[in-house]
Amino acid sequence: MKKIHSTHTILSIKQVCAKFVQIAIEAPQLAKTGRPGQFLNVRVSDGSDPLLRRPFGIYRAQDNIVEMLVEIRGRGTAMLARKKPARPWTSLDPWEDPLRCRRRR
Ligand SMILES: Cc1cc2nc3c(=O)[nH]c(=O)nc-3n(C[C@H](O)[C@H](O)[C@H](O)COP(=O)(O)OP(=O)(O)OC[C@H]3O[C@@H](n4cnc5c(N)ncnc54)[C@H](O)[C@@H]3O)c2cc1C
């Protein structure tokens, strides 16, 4: 898969427990090709602070929707959790093979 810099739309952000939110974005192309184990590098704000993107793994990808499970750890993830549905979600989409666990022999 090639590296893609893209903007998707946030569909929902659900609080699943005190420290975790489940974020769904509308991303038809990514939902077709994305797989659990791949990750997106996400811009958490509309400005340049914080400068660095934050990586999050794909938790589910189906029916035009990609979902991520995000633990609120610091400033960046707190900003993400406060975003509203319909806001843009800008990310570097995955281009590598998913992370794999090797089976021990
Ligand atoms: C390839 C990859 C995939 C990831 N996928 C997911 C995912 O699917 N869901 C998810 O919730 N998180 C995931 N993470 C971790 C997530 O990217 C970080 O928790 C996030 O960037 C923290 O951003 P922040 O601005 O909230 O925290 P910061 O302000 O950057 O950090 C807050 C505090 O948490 C500590 N911290 C930050 N990240 C971690 C960490 N990973 N482990 C231990 N301590 C940490 C920092 O040292 C600091 O003390 C992934 C990380 C990588 C590298």
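Data for the structure
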item: Selection status of V44, of a type in the set (V, I, T), farther than 14 Å from I4 by Cβ and assigned to a loop (DSSP other than H, G, I, E, B); result: yes
item: Subset of segment 79-99 that is out of contact with any helix residue (DSSP H, G or I) (no Cβ under 6 Å at 6 or more places or on another chain), of a type outside the set (F, W, Y) and outside any loop (DSSP other than H, G, I, E, B) - its residue that is surrounded by the most Cβ atoms within 10 Å (Cβ to Cβ); result: S91
item: Unique match (being surrounded by fewer than 14 Cβ atoms within 10 Å (Cβ to Cβ), within 15 Å of the ligand (Cβ to nearest atom) and at pLDDT below 90) among P55, P36; result: P36
item: Single residue of segment 38-58 satisfying the filter (of a type outside the set (S, T, N, Q) and in contact with an Asp or Glu (Cβ under 8 Å, 6 or more places away or on another chain)) that is nearest to L80 (Cα to Cα); result: L40
item: Check on L11, touching a residue at least 40 places away in the same chain (Cβ under 8 Å), more than 13 Å from the ligand (Cβ to nearest atom) and not in a loop (DSSP other than H, G, I, E, B); result: yes
item: Residue under evaluation V16, criteria (1) in contact (Cβ under 8 Å) with a residue 40 or more places away in the chain; (2) surrounded by 13 or more Cβ atoms within 10 Å (Cβ to Cβ), criterion not met; result: (2)
item: Residues being more than 12 Å from the chain's Cα centre (by Cα), buried (at least 17 other Cβ atoms within 10 Å of the Cβ) and more than 6 Å from the ligand (Cβ to nearest atom) - total across segment 58-78; result: 1
item: L69 in a strand (DSSP E or B), out of contact with any helix residue (DSSP H, G or I) (no Cβ under 6 Å at 6 or more places or on another chain) and over 18 Å from H5 (Cα atoms); result: yes
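The values are calculated or read from the model by the stated rules, or taken from the named source; none is laboratory data. Predicted, not measured: the structure shown is a model, and the values here were computed from it. Cβ coordinates were reconstructed from backbone atoms using ideal geometry, including for glycine residues, and neighbour counts include every protein chain displayed.
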